[in-house]
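Following: one structure in structure tokens, then a few remarks.
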Amino acid sequence: EPEVTQTPSHQVTQMGQEVILRCVPISNHLYFYWYRQILGQKVEFLVSFYNNEISEKSEIFDDQFSVERPDGSNFTLKIRSTKLEDSAMYFCASSERGFGDTEAFFGQGTRLTVV
Amino acid sequence: AQTVTQSQPEMSVQEAETVTLSCTYDTSESNYYLFWYKQPPSRQMILVIRQEAYKQQNATENRFSVNFQKAAKSFSLKISDSQLGDTAMYFCAFMKPEDNYGQNFVFGPGTRLSVLP
């Protein structure tokens, strides 16, 4: 069964450092998403990406965040200068068509700990 | 704005028994989708079941079924003949049909279900 794969499963970084979270979406999917879940809180939307550009982003997704699909298979989330409050589980997802038309498949998540 | 509430942070059930996870939501929309996602420990979140609000018939998927009460804005998940592999975090989620980019995909806080041998 096809899977969305995220690496690493857990990343620890120092405050102020840059981190890149990696995702390999399902190969024939065209829509890509990042969500995050701060411990004990709800899963929150960060950004969606289609046709090599951001489709939608939340107010959480400020200038310190960026996304990229560098090589046609990976989908990355970069946090330029991490803050303690960026500590969360980050989920990547992908779908063949738009979110409302088809099932979105989620990865297992990357736990980011900022110290 | 839509909200999704799961009032049971943790639940447990004996293997082979039946368990029901609660979910309520708040919306002024008349048409929408509701979902239950399952996330086993250290594994990816997978779709368990999906319900379209305009369909009165409750969705079922093998041992998983929902009790969708539109007027009460309730969407509970029943797991019959629970198996050890059902141990996971379960998320209830809401989405409007025009939400093409997942920006308004609203999750509940989750219920951690443990199936006991």
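Spin-label model, B:THR18/A:LYS78: points 7 Å from Cα along the beta carbon direction are separated by 5.4 nm. Name the residues of the range A:88-110 whose amide N is less than 17 Å from a point 7 angstrom out from the Cα of B:TYR54 along the C-beta direction? Flagged as within label range: A:100-102. Taking the chain by itself as reference, the range B:32-74 contains these residues with an accessible-area loss of 50 Å² or more in the full protein complex (1.4 Å probe, heavy atoms): B:GLN44, B:MET45.
Computed with a 1.4 Å probe on the full set of protein chains, the accessible area for A:PHE105 sits at about 50 Å².
Only one residue of A:SER95, A:SER9, A:GLN108 has its Cα farthest out toward the positive end of the dipole of chain A, where Lys and Arg carry +1 and Asp and Glu -1 on Cβ, and that residue is A:SER9. Residues considered: A:SER81, A:SER48, A:SER94. Largest GNM mean-square fluctuation over chain A, using C-alpha springs under 10 Å, is found at A:SER81. Mean separation of Cα pairs under 8 Å and 6 or more residues apart, divided by the residue count, gives chain A a relative contact order of 38 percent. Remark: mean inter-chain Cβ contacts per residue of A:81-94 equal 1, using a 10 Å Cβ-Cβ cutoff to other protein chain atoms.
Relative contact order, whole percent, for chain B stands at 37, derived from Cα pairs under 8 Å and 6 or more residues apart. Partner shielding of A:50-59 amounts to 2, given as the average count of beta-carbon atoms from other chains within 10 Å of each residue beta-carbon. Note on B:ALA71/B:ARG43: beta-carbon distance plugged into 1/(1 + (r/R0)^6) with R0 of 45 Å gives a FRET efficiency of 0.80. Evaluating kT/(6 pi eta Rh) at 25 °C and 0.890 mPa s, with the Kirkwood radius of the range B:3-116 over Cα pairs in the Stokes-Einstein relation, gives 173 µm² s⁻¹.
The accessible-area ordering, largest first, of the residues A:VAL12, B:VAL48 stands as A:VAL12, B:VAL48, per a 1.4 angstrom probe. For B:PHE94, the accessible area of its heavy atoms, probed at 1.4 Å with every protein chain present, is near 0 square angstrom.
Accessible surface buried at the B:A interface totals approximately 2000 Å², computed with a 1.4 Å probe on protein heavy atoms.
Accessible-area rank, largest first, for A:ARG111, B:ARG50: A:ARG111, B:ARG50, with all protein chains present and a 1.4 angstrom probe. Using a simple spin-label model with pseudo-atoms 7 Å out from Cα toward Cβ, B:GLN8 and A:GLN64 lie 3.8 nm apart. Counting only Cβ charges, +1 for Lys and Arg and -1 for Asp and Glu, the dipole size of chain B around its Cα centre is about 80 debye.
Shielding by partners for peptide A:4-11, expressed as the average number of C-beta atoms from other protein chains within 10 Å of each residue's C-beta, is 1. May I ask for the Kirkwood hydrodynamic radius of the protein assembly as shown, worked out over all distinct Cα pairs and given in angstroms to one decimal? In the protein assembly as shown this quantity evaluates to 18.2 Å. Measuring only protein heavy atoms, the 1.4 Å probe finds A:HIS29 accessible over about 10 Å².
The values are calculated or read from the model by the stated rules, or taken from the named source; none is laboratory data. None of the values given here were measured: they were computed from a predicted structure. All Cβ positions, even for glycine, are placed from backbone atoms using ideal geometry, and neighbour counts span all protein chains on display. Only protein heavy atoms, including side chains, enter the accessible area calculation; ligands, DNA and RNA are left aside. Shrake-Rupley method; radii C 1.70, N 1.55, O 1.52, S 1.80 Å.
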